[in-house]
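The values are calculated or read from the model by the stated rules, or taken from the named source; none is laboratory data. Values in this document were obtained by computation on a predicted structure and should not be read as measured data. Note that we place each Cβ from the backbone using ideal geometry, even for glycine, and neighbour counts take in every protein chain shown.
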Amino acid sequence: MIIESILSEYRRYKALAEMAVSQVKDDDLHKSFGDEGNSIAVIMTHLSGNIKSRFTAFLIEDGEKPWRRRDEEFEDRQEERTTLLATWDEAWRVLFDAIRGLEDLDLGRIVSIRGKELTISDALQRSLTHLSYHVGQIVLLARFHAGREWKSLSIPRGSSGEYNLNPTKERHPDQPPNSQRPATDR
């Protein structure tokens with residue numbers, strides 16, 4: 001039950017990022033604000049590298065793989081949207097496959113990230129926190145780039161009262177965690 005809840009949160013963040021990115025023009029995927037700012041494409045590339053590294057052979061290898069080139073993830077490669085999304089989807093497939101292989105009893109098992117031992121529970125929480133941080137950046141950048149064309153990913157401004165009469169984005173405790181969320185782990 002806990003693993004399914006965690007998996008549901010990963011699905012939710014993946015969907016949020018993808019809904020935000022779908023509202024951005026191709027050229028804007030590579031625009032950043034300021035000299036040291038990251039573009040949406042750079043953040044997605046970084047998350048893809050992080051996710052793939054952490055969840056490839058999750059239970060038996062250190063989460064920071066020798067083949068990962070983290071510093072290069074922050075260099076804008078000017079990749080086309082299709083290439084960027086293919087890399088993104090590949091990383092997420094690795095994550096979903098690794099988590100689907102877990103059970104709640106596994107949460108106390110030990111994994112390693114950069115030589116530091118963590119319980120699976122701690123590693124998953126750490127990963128979700130990192131992911132939510134960067135997905136928030138993607139959403140914020142997408143919102144700036146979309147401007148007036150932006151479509152809210154949650155409750156639109158000024159609509160809280162109306163939404164509260166019919167909270168369609170909420171999940172009843174008896175429903176499966178992904179019953180009202182898009183299946184984005186294909």
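Worth pointing out:
- Residue count for the range 88-98, restricted to those that are over 14 Å from the mean Cα position of the chain (by Cα) and either hydrophobic (A, V, I, L, M, F, W, C) or under 21 Å from V42 (Cβ atoms) (or both): 1
- Among residues of the range 6-35 being surrounded by fewer than 14 Cβ atoms within 10 Å (Cβ to Cβ) and part of a helix (DSSP H, G or I), the one that is nearest to the chain's Cα centre (by Cα) is D26.
- Search result, residues across the range 104-144 that are over 19 Å from A15 (Cβ atoms), buried (at least 19 other Cβ atoms within 10 Å of the Cβ) and either touching a helix residue (DSSP H, G or I) at 6+ places or on another chain (Cβ under 7 Å) or free of Cβ contacts under 8 Å to residues at least 24 places away in the same chain (or both): V111, I120
- Qualifying residue in the range 132-153 (condition: within 30 Å of W67 (Cβ to Cβ), of a type outside the set (K, R) and touching an Asp or Glu at 6+ places or on another chain (Cβ under 7 Å)): no
- Of all residues in the range 123-166 being within 15 Å of L16 (Cα to Cα) and basic (K, R), the one that is modelled with the lowest pLDDT: K151
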